[in-house]
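Nothing in this text is a laboratory measurement; each read-out follows from the coordinates by a stated rule. This structure is a prediction, so every number in the text was calculated from the model and none was measured. Note that we place each Cβ from the backbone using ideal geometry, even for glycine, and neighbour counts take in every protein chain shown.
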Amino acid sequence: MKTILRTILSISLFLILLCGGIMFYTNRASGEVAGILDQLNPLVPKSEIYVKTQEPESVNNYGTAHYKQAAATADGQTRVVEFEGIQVLKTDRYLKLTNKGAHVETYEEIAKEEVPAAALKEIDK
């Protein structure tokens, strides 16, 4: 009984430390690996970030556009984010991205007035 409890506690501690370490690693990272790790990590909260659309980094043969650009939270904290657009998006439009760390789940176009002031200040540079 004592060894079972000790094993369960050891595994739990290992998983908590692993998730915390992954969260630390992906804090400012962007890219596919960081997105997958953040998507699976239960310690990374969902949030919303804002971007002003730019030209895509690349467009594949199917017309899917890959974007890598600066994003800002509602309180003005910035990070680089990578996401895919179904098609090439119009430039200088504002998007609200629903994300979980580096993993972008959805995006929607919003009016400039809907972007929080602190985020607008960062993404309009």
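Using the Cβ-Cβ distance between residue 88 and residue 121 with R0 = 35 Å, the FRET efficiency computed as 1/(1 + (r/R0)^6) comes to roughly 0.85.
Its relative contact order, with pairs defined as Cα atoms under 8 Å and 6+ residues apart, puts the range 1-98 at 26 percent.
Count Lys and Arg as plus one, Asp and Glu as minus one, and take only other residues whose Cβ is under 12 Å from that of residue 111; the net charge is then -1.
A crude spin-label estimate for the pair residue 80 and residue 17, with each label 7 Å from Cα along the Cβ direction, gives 3.1 nm. Projection of the Cα convex hull of the chain, averaged over all directions and equal to a quarter of that hull's surface, yields 9.3 nm².
Here's how it looks for residue 54: its modeled amide H is under 5 Å from those of 92, which are all 5 or more places away or on a different chain. Classification of the range 29-93 by its C-alpha gyration tensor yields an oblate form. The axis ratio a/c (a ≥ b ≥ c) is 1.5 or more, and b/c is at least a/b. Do any GluC sites (Glu not before Pro) in the range 31-74 lie in a loop, going by DSSP, with at most 12 other beta-carbon atoms within 10 Å of their beta carbon, and if so which? Passing sites in the range 31-74 are 57. An oblate overall shape is assigned to the range 74-115, the ratio a/c of its alpha-carbon gyration tensor axes (a ≥ b ≥ c) being 1.5 or greater and a/b not exceeding b/c.
3J(HN,Hα) along the range 98-110: 8, 9, 10, x, 7, 8, 8, 8, 9, 9, 8, 6, 10 Hz, from the Karplus curve 6.51 cos²θ - 1.76 cosθ + 1.60 with θ = phi - 60°, whole Hz, x for Gly and Pro. Stretching the chain fully between residue 40 and residue 112 yields a gain of 22.7 nm (0.36 nm per residue, less the alpha carbon separation). Phi-derived couplings, Karplus 6.51 cos²θ - 1.76 cosθ + 1.60 at θ = phi - 60°, listed residue by residue for the range 60-65: 7, 5, 8, x, 6, 9 Hz, with x used for Gly and Pro. Placing unit charges on each Cβ (+1 for Lys and Arg, -1 for Asp and Glu) gives the chain a dipole about its Cα centre, and among 4, 19, 76 the Cα reaching farthest toward its positive end belongs to 4. Taking label positions 7 Å along the Cα-Cβ direction at both residue 6 and residue 60, the computed distance is 5.0 nm, reported to one decimal.
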